[in-house]
Amino acid sequence: MSTTPEPGTLAPATIAVAAGRPARAQGGHVNPSVPMNSTYVSRGVVTPDELSYARGDNDAWHPFEEALAALEDGGAGTARRADGDASGPDAAATAILFSSGMAAIAAIFSLVPDGGTLVLPRHAYQAGMVLARQISERHGVTLRYVDIADTDAVVAALDGADLLLVESPTNPMLEVADLPAVLGAARAAGVRSVVDNTFATPLGQRPLVHGADVVLHSVTKYLAGHSDVVLGALVTRDAALAATLRDHRTLHGAIAGPFEAWLALRGLRTLALRFERAQATAAELARRLADHPEVAEVRHPSLPGDPGHERAKAQMTGFGAIIGVRPRPRPGGADDAAARADAVVDAVRLWLPATSLGGVESMLERRRRWGTEATTVPEDLLRLSVGIEDVEDLWADLDRALRA
Ligand SMILES: *Cc1c(COP(=O)(O)O)cnc(C)c1O
């Protein structure tokens, strides 16, 4: 049994540290243990709250699930509980841990009926898009791609749809959706909405507060934060929907291991420090990159001229720590755009050439090296995931690589 302070009374940075601790007892543990069990002592008819078999429910997941639910809830659940409204879609949030972000996406896509309609961003996490195409072919699901920053286009696409998937900012183009507008429109149209909050984290934005039915995370990224685990999660206030999603996890078996769940909570403890530093460094690097002679284009919502700047300012705390950069082609150079960008990746010494993001270590990659990336993503777009190293060391390495 773990304890989580009432989220309504605490700031997110505090919740990340204080939530999901063991109950306070003299000589008791300050951290949850790593319980290693495939089954639990059990006889007779089992109630839903009892532990019986570790694929269905597992106490190794609970501390992280409690902490993430409290972070995404942002105190609203507490206020409603005080009003005596403790069930239904307005209840406090619950989190469901999965073996990966993709397992969480698969559980979400399972909500779309055969022959149904899924509205999704034209730019979004590419493995999710590959899975959507597969489901479309096998189950006759219609896919409606939208520019998630174009609110009118999103609202128009909701007509007769079953599910709206939102990413904001998008991976890797950093487009920013008007969350209150598109989530409100989905609710009004009776379309279930899911927001992939991997890039912003619950410290950057809380989609449940803006009206999302479900929040999705690749826990692999900022929440765990150290590039050492692969995990995913869903968070919702809808108790019936939570039960459906848990059933999916139990029946498809995409469950987290106890030690991975423990590592995710260990990483979550420092989320506020890591994310604040990474965001601040990203904004500074974006500002310098915008003036760099070897850079053709920079995308980061912190830049006053960025198309997503005003929206991000209105609905986010900070601007995130992912930057999009296109190197300037060399005048008279024989290199094509992709080769020019690849040369930057080859030239860095401190930045890590790798896919993934959200770790303490800064990483970069050319996104179109993946054959599955959307073809509207420029061939020479580099996605930079800014970590927590010293800003001057990161800048020196990037500046040298761009000029190499
Ligand atoms: C990485 C990522 C995912 C997939 O998560 P995994 O943990 O790799 O399965 C989903 N959405 C976004 C935005 C991601 O960056």
### Summary
Given 10 °C, 1.306 mPa s and a Kirkwood radius over Cα pairs, the Stokes-Einstein diffusion coefficient of the range 326-404 in µm²/s is 122
### Summary
Note: the chain at 37 °C, 0.692 mPa s; Kirkwood Rh on alpha carbon pairs; Stokes-Einstein D in µm²/s works out to 150
### Task
Could you work out the local net charge near Phe199, counting Lys and Arg as +1, Asp and Glu as -1, over the other residues with Cβ closer than 9 Å to its Cβ?
-1
### Query
Which is farthest toward the positive dipole end of the chain among Leu163, Leu357, Met173, measuring Cα position about the Cα centre, with Cβ charges +1 (Lys, Arg) and -1 (Asp, Glu)?
Leu357
### Karplus (6.51, -1.76, 1.60) ³J(HN,Hα), θ = phi - 60°, over the range 18-33, in Hz, Gly and Pro reported as x
8, 7, x, 8, x, 4, 6, 9, 4, x, x, 6, 8, 10, x, 7
### Gaussian network model of the chain, springs between alpha carbon atoms under 10 Å - residue of Leu350, Leu289, Leu165 with greatest fluctuation
Leu350
### Task
Please work out the average accessible area per residue across the range 271-403, using the 1.4 Å probe convention, and give it in Å².
44
### Query
Of Gly44, Gly371, Gly359, which has the largest mean-square fluctuation in a 10 Å C-alpha GNM of the chain?
Gly44
### Summary
So the carbon and sulfur contribution to the accessible area of the range 2-268, 1.4 Å probe, in percent, is 53
### Query
Hey, got the dipole for the range 174-326? About the Cα centre, +1 on K and R Cβ, -1 on D and E Cβ, debye to the nearest 20?
360
#### Entry: Nearest-ten-degree value, helix 62-73 long axis tilted from longest Cα axis of the chain
60
## Note on the structure
What the 5 Å binned alpha carbon P(r) of the range 271-403 shows, as percent of pairs per bin from 0, is 2, 11, 20, 24, 21, 14, 6, 1, 0, 0
### Query
Applying the Karplus parametrisation 6.51 cos²θ - 1.76 cosθ + 1.60 with θ = phi - 60° to the phi angles of the range 342-348, what ³J(HN,Hα) value in whole Hz is obtained for each residue in order, glycine and proline being reported as x?
4, 5, 5, 4, 5, 8, 6
#### Entry: Assigned charges on the beta-carbon of Lys, Arg, Asp, Glu; the chain dipole about Cα centre (debye)
380
### Query
Which whole-number percent gives the relative contact order of the chain, counting Cα pairs below 8 Å spaced six or more residues apart?
15
### Task
For the range 258-404, give the magnitude of the charge dipole about the Cα centre (Cβ charges: +1 Lys/Arg, -1 Asp/Glu; no others), in debye to the nearest 20.
280
### Query
In whole angstrom, how far apart do the alpha carbon centroids of the range 262-329 and the range 135-185 sit?
23
### List Val348, Val46, ordered by accessible area with a 1.4 Å probe, largest first
Val46, Val348
### For the chain, built as a Gaussian network whose Cα springs stay under 10 Å, the top-fluctuating residue of Arg24, Arg269, Arg55
Arg24
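The values are calculated or read from the model by the stated rules, or taken from the named source; none is laboratory data. Quick caveat, the model's predicted, so the values are computed rather than measured. For neighbour counting, all protein chains shown are included, and Cβ atoms are generated from backbone atoms with ideal geometry for every residue, glycine included. For the accessible areas, the whole protein counts, side chains as well, though only heavy atoms, and no ligand, DNA or RNA atoms are used. Shrake-Rupley method; radii C 1.70, N 1.55, O 1.52, S 1.80 Å.
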